[in-house]
1. With +1 on each Lys and Arg Cβ and -1 on each Asp and Glu Cβ, how big is the dipole of the protein assembly as shown about its Cα centre, in debye rounded to the nearest 20?
2. Only bridges whose two residues both fall in the stretch B:92-183 count here: according to DSSP, what percent of them are antiparallel, nearest 5?
3. Along the charge dipole of the protein assembly as shown, Cβ charges K/R +1 and D/E -1, which of B:F18, B:G146, A:Q117 sits furthest on the positive end?
4. Calculate for the protein assembly as shown the 222 nm mean residue ellipticity that helices alone would give, adding -39,500 (n - 2.57) per DSSP H run of length 4 or more and normalising by residue count, nearest 500 deg cm²/dmol.
5. Chains B and A: how much accessible area gets covered up at their contact, both sides added, probe 1.4 Å, in Å² to the nearest hundred?
6. Keeping every protein chain present and rolling a 1.4 Å probe, give me the accessible area per residue for the stretch B:120-183 in Å².
7. About the Cα centre of the stretch B:7-129, what is the dipole size in debye to 20, counting +1 per Lys and Arg Cβ and -1 per Asp and Glu Cβ, all else neutral?
8. With a ≥ b ≥ c taken as the square roots of the eigenvalues of the C-alpha gyration tensor of the stretch A:36-97, please select rounded if a/c is under 1.5 and otherwise prolate if a/b is larger than b/c or oblate if it is not?
Amino acid sequence: MAFQAYGGEGWLLTKLEQLINWGRKRSPWPLPYGTACCGIEMMAALASGYDLARFGAERPSFSPRQADVLIQAGTITKKMVPIFKRIYDQMAEPKWVISMGACACSGGVFRTYSTLQGIDLVVPVDVYVPGCPPRPEGLIYALIKIMEKIEKDHPLRKKAAEIGIGG
Amino acid sequence: MGLKEDVQNTLGELALDFLECQGDLSVTVPKDKIVEVLTKLRDNLGFNFLSDVFGVDNSVFYEKLAKAKAKKKKGEEDKEEEPQGPPPPRFEVVYLLLSLETNKRLAVKIQVPEDDLVVDSVTCLWKAADWPERETFDMFGIRFKGHHNLKRLLMWDEFPAHPLRKDYPLEGQGEERILEYND
Ligand code: SF4
């Protein structure tokens, strides 16, 4: 994106898609979904020490309808699956999912009757963060990966394909 | 006077068996007298706090015990056969009591056979028994008579099994919770 602001009024030359991506990339509002010990690490990442807000995750949104990135930090039990799925469904498009920790990625140490063996069984996952628990740096890295992914996105082309014009 | 004597004197005939391990006392009592026993312990001995109620499935433990016994017998043939009683009941329900005045603890056990899984609820004595009893029902299928709301506590309502029974596989039998909701 070429952005030049000379004195006076200035001008901006870009593609609409890039502008949209730029906006999305710089404000991925997270929906913190901490269900177990990984949640503590996520809180650390959100708090002042690591400060996820530096990357635009400024406002942890506790309403799924106003969130962009679902951070699943912790175990999902089978009892909770429908609720988790519902929260994902309530998020408005576009949306991304970070699966944080061994539990969310694969069930982790809980290979039992009560634990979902990986959240990718119910929702699509964009970035997996390994670790038990991952360090806050891991979560920050995942968020940056999401940003890279957003950057490569073609929102208008996708929309056009959806309504069946152009390509 | 020790705690054991106190309990013995209070319960009399109702105390079937004592076990003392690492300074912790447990007493086995008849299953259908549990409310009576706990009332006595609460009112006479000051055990006014119920810390927990839980179930135990002893089936694997008894199997291993029997195997070990059989092995021993093979080694020393000449020993006399021990009389074979009926197999011990499969389940146990344990009540952990604490006296807030004397800071003493006592475990009260009842044995629950597999074909009669009904135990009297003690929610009439302690409200604290509500959730532990529900959990015991959830995990072992032991029903508590007189409980006002005996639903599953941890697993979802439609869950078809009792997962802490020893014959239930750790990884489950493929149960999934399916919940329909209207869009
Ligand atoms: S991955 Fe480890 S730290 Fe994270 S929720 Fe599971 S058990 Fe807890």
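The values are calculated or read from the model by the stated rules, or taken from the named source; none is laboratory data. Keep in mind that what you see is a predicted model, and the values were worked out from it rather than measured. In this analysis, Cβ positions are derived from the backbone assuming ideal geometry, glycine residues included, and neighbour counts consider all displayed protein chains. What goes into the accessible areas is simple: the full protein's heavy atoms, side chains included, and nothing from ligands, DNA or RNA. Shrake-Rupley method; radii C 1.70, N 1.55, O 1.52, S 1.80 Å.
1. On the way: 46 positive and 51 negative charges, 255 e Å.
Computed about the Cα centre, the dipole is about 1220 debye.
2. Numbers: 7 of 10 bridges.
Around 70 percent of the beta bridges assigned by DSSP in the stretch B:92-183 are antiparallel ones.
3. A:Q117
4. Calculated mean residue ellipticity at 222 nm is -9500 deg cm²/dmol.
5. 1300 Å²
6. Spelled out: the 1.4 Å probe surface of the stretch B:120-183, per residue, equals 60 Å².
7. Around 360 debye, computed over the stretch B:7-129.
8. Details: a/c = 2.96, a/b = 1.30, b/c = 2.28.
Cα axes put the stretch A:36-97 in the oblate bin.
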